[in-house]
């Protein structure tokens with residue numbers, strides 16, 4: 001089977017509008033969660049989030065592009081441009097048919113949906129913008145990236161709630177490994193952080209009003225984020241032949257389904273996903289140095305994820321470095337796995353493990369080394385990224401040092 | 001029997017909402033009934049809170065992660081008292 005390299009990375013999220021600024025915030029433990037800035041805030045019960053601040057889309061996109069790009073697609077396209085620039089990849093006519101794009105998103109163009117519903121229902125208008133459908137379709141981000149870079153091979157979008165991006169990147173890995181393509185831009189994005197999106201999340205009663213504190217005894221739920229990340233996944237031989245920068249190697253991937261509950265996570269499903277990913281990578285549990293946890297900051301997830309890690313890693317669990325960077329960039333829902341691959345790349349490349357910030361009080365049910373509040377230095381050869389979605393869809397990726 | 005006779009209007013409404021969610025006969029519930037005894041799962045609890053908010057036009061500060069110490073969901077009686085306090 002072929003090996004798969006990551007040769008470029010790009011991102012827009014609450015910590016920064018590129019990888020360098022995101023790494024700086026992750027290493028400094030500087031969170032992007034703060035008071036929300038949006039219309040009708042007084043009608044929301046939850047008034048915090050990890051918004052992408054200072055985002056001037058019109059500086060990046062033409063008026064024509066702006067009319068076609070929902071913020072979720074803007075984040076994806078901007079991230080893809082950065083990733084392609086770093087990778088130095090030129091998509092020749094020969095390569096085009098062997099190149100694709102696979103992105104994850106849970107909701108797609110929800111800003112467009114939100115604005116259009118407001119127009120027809122609240123404002124009584126009888127028409128919406130002409131490109132409402134191509135803006136809101138969940139595959140719009142992948143389509144725009146395929147057009148921007150002439151990617152004519154396998155291209156589509158995955159939706160599995162909070163595991164969407166990990167499924168997208170995992171499928172890209174499998175397709176490259178199996179020879180279905182030579183290059184796939186993979187990742188995901190989400191822009192659910194608007195009035196309608198927050199109203200929906202509020203209703204579920206799992207949002208924290210005062211910060212995201214994963215694995216902490218005082219944790220009070222999740223905090224929503226927005227943004228995305230895109231990576232150039234490339235056949236290792238192809239990458240080496242053109243002298244590409246190799247940021248990491250994708251070693252393994254596994255996906256499982258709990259088949260049990262639409263919101264409550266299952267320990268067994270999470271365990272199986274981690275075990276199978278380790279097996280897929282041809283590794284042993286003790287080969288893993290760092291886990292970027294799903295770590296939502298909800299009472300149930302963090303307790304069950306801890307138990308699952310203890311079961312999979314046994315006595316070695318206490319030697320693992322584990323952090324939930326959702327404490328900083330918020331929960332990006334379908335874009336979560338993509339942005340959370342960045343702290344994995346940073347750990348592999350720089351030996352800096354991003355912390356779990358906001359941590360106050362130890363919880364005996366979450367007693368792993370969660371790197372509280374301050375980043376730590378450690379040589380990381382293998383990093384694992386967990387995504388355990390609502391509806392019981394689990395996807396785990398394993399990366400190795402380049 | 002005195003429980004049934006002395007049910008307030010608020011308590012009666014609460015019992016109706018909870019009985020519907022728990023799929024049990026409202027006649028088996030009293031003001032003293034504790035929600036913990038009704039085998040309500042987390043989804044049912046969220047539906048109960050939503051039902052109460054809709055019925056009484058109130059906003060209940062309920063967070064499934066923290067069990068909302070500021071709004072006492074222990075029993076029919078405690079819920080009624082909390083609702084009356086919110087509406088006072």
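Quick notes
- Residue in segment B:1-20 that is at negative phi, out of contact with any helix residue (DSSP H, G or I) (no Cβ under 7 Å at 6 or more places or on another chain) and within 14 Å of chain A (Cβ to nearest Cβ) present: no
- Evaluated against (1) within 30 Å of residue A:80 (Cβ to Cβ); (2) buried (at least 19 other Cβ atoms within 10 Å of the Cβ); (3) more than 13 Å from chain B (Cβ to nearest Cβ), residue A:212 falls short on exactly one condition, (3).
- Highlighted here are the helices (runs of 4 or more DSSP H) found entirely within segment A:158-253 that include at least 3 residues which are under 21 Å from the mean Cα position of the chain (by Cα) and in contact (Cβ under 8 Å) with a residue 24 or more places away in the chain: A:164-178, A:195-204.
- One residue from A:221, A:197 being within 14 Å of another protein chain (Cβ to nearest Cβ) and buried (at least 21 other Cβ atoms within 10 Å of the Cβ): A:221
- First in segment A:325-350 and at pLDDT 95 or above, second anywhere and in a helix (DSSP H, G or I) and surrounded by fewer than 24 Cβ atoms within 10 Å (Cβ to Cβ), Cβ under 6 Å, 6 or more apart: A:346/A:23
- Check on residue B:85, more than 14 Å from chain A (Cβ to nearest Cβ) and modelled with pLDDT of 90 or more: yes
- Evaluation of residue B:26 against (1) farther than 27 Å from residue A:217 by Cα; (2) within 14 Å of chain A (Cβ to nearest Cβ); (3) surrounded by fewer than 19 Cβ atoms within 10 Å (Cβ to Cβ) (one fails), failing number: (2)
- Residue count for segment A:369-392, restricted to those that are more than 17 Å from residue A:312 (Cβ to Cβ) and crowded, with 24+ Cβ neighbours inside 10 Å: 1.
- Count of segment A:35-57 residues which are touching a helix residue (DSSP H, G or I) at 6+ places or on another chain (Cβ under 6 Å), under 24 Å from residue A:129 (Cβ atoms) and at pLDDT 95 or above: 1
Residue by residue, here is whether (1) surrounded by 13 or more Cβ atoms within 10 Å (Cβ to Cβ); (2) not in a helix (DSSP H, G or I) holds:
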{"site": "A:6", "(1), (2)": "yes, yes"}
{"site": "A:10", "(1), (2)": "yes, yes"}
{"site": "A:22", "(1), (2)": "yes, no"}
{"site": "A:27", "(1), (2)": "yes, no"}
{"site": "A:32", "(1), (2)": "yes, yes"}
{"site": "A:38", "(1), (2)": "yes, yes"}
{"site": "A:53", "(1), (2)": "no, yes"}
{"site": "A:58", "(1), (2)": "no, no"}
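- Residue in segment A:304-324 that is surrounded by 17 or more Cβ atoms within 10 Å (Cβ to Cβ), farther than 23 Å from residue A:176 by Cβ and within 14 Å of chain B (Cβ to nearest Cβ) present: yes
- Residues located in segment A:79-113, provided they are under 26 Å from the mean Cα position of the chain (by Cα) and either assigned to a loop (DSSP other than H, G, I, E, B) or at pLDDT below 95 (or both): A:88, A:89, A:90, A:91, A:98, A:105, A:106, A:107, A:108, A:109
- Residue count for segment A:59-77, restricted to those that are in contact with a helix residue (DSSP H, G or I) (Cβ under 8 Å, 6 or more places away or on another chain) and more than 15 Å from residue A:133 (Cα to Cα): 6.
- Count of segment A:285-318 residues which are more than 14 Å from residue A:387 (Cα to Cα), in contact with a helix residue (DSSP H, G or I) (Cβ under 9 Å, 6 or more places away or on another chain) and either without any contact (Cβ under 8 Å) to a residue 24 or more places away in the chain or assigned to a loop (DSSP other than H, G, I, E, B) (or both): 2
- The listed residue being within 14 Å of chain B (Cβ to nearest Cβ) and either closer than 19 Å to residue A:70 by Cα or surrounded by fewer than 24 Cβ atoms within 10 Å (Cβ to Cβ) (or both), out of A:202, A:226: A:202
- Positions within segment A:38-51 being closer than 16 Å to residue A:211 by Cα and more than 14 Å from every other protein chain (Cβ to nearest Cβ), in sequence order: A:49, A:50, A:51
- Of all the residues in segment B:36-82, those that are more than 14 Å from chain A (Cβ to nearest Cβ), at pLDDT below 95 and in contact with a helix residue (DSSP H, G or I) (Cβ under 6 Å, 6 or more places away or on another chain) number 2.
The values are calculated or read from the model by the stated rules, or taken from the named source; none is laboratory data. Just so it is clear, the structure is predicted and the values come from calculations on it, not from any experiment. Glycine gets a Cβ as well: all are built from the backbone with ideal geometry, and neighbour counts include every protein chain shown.
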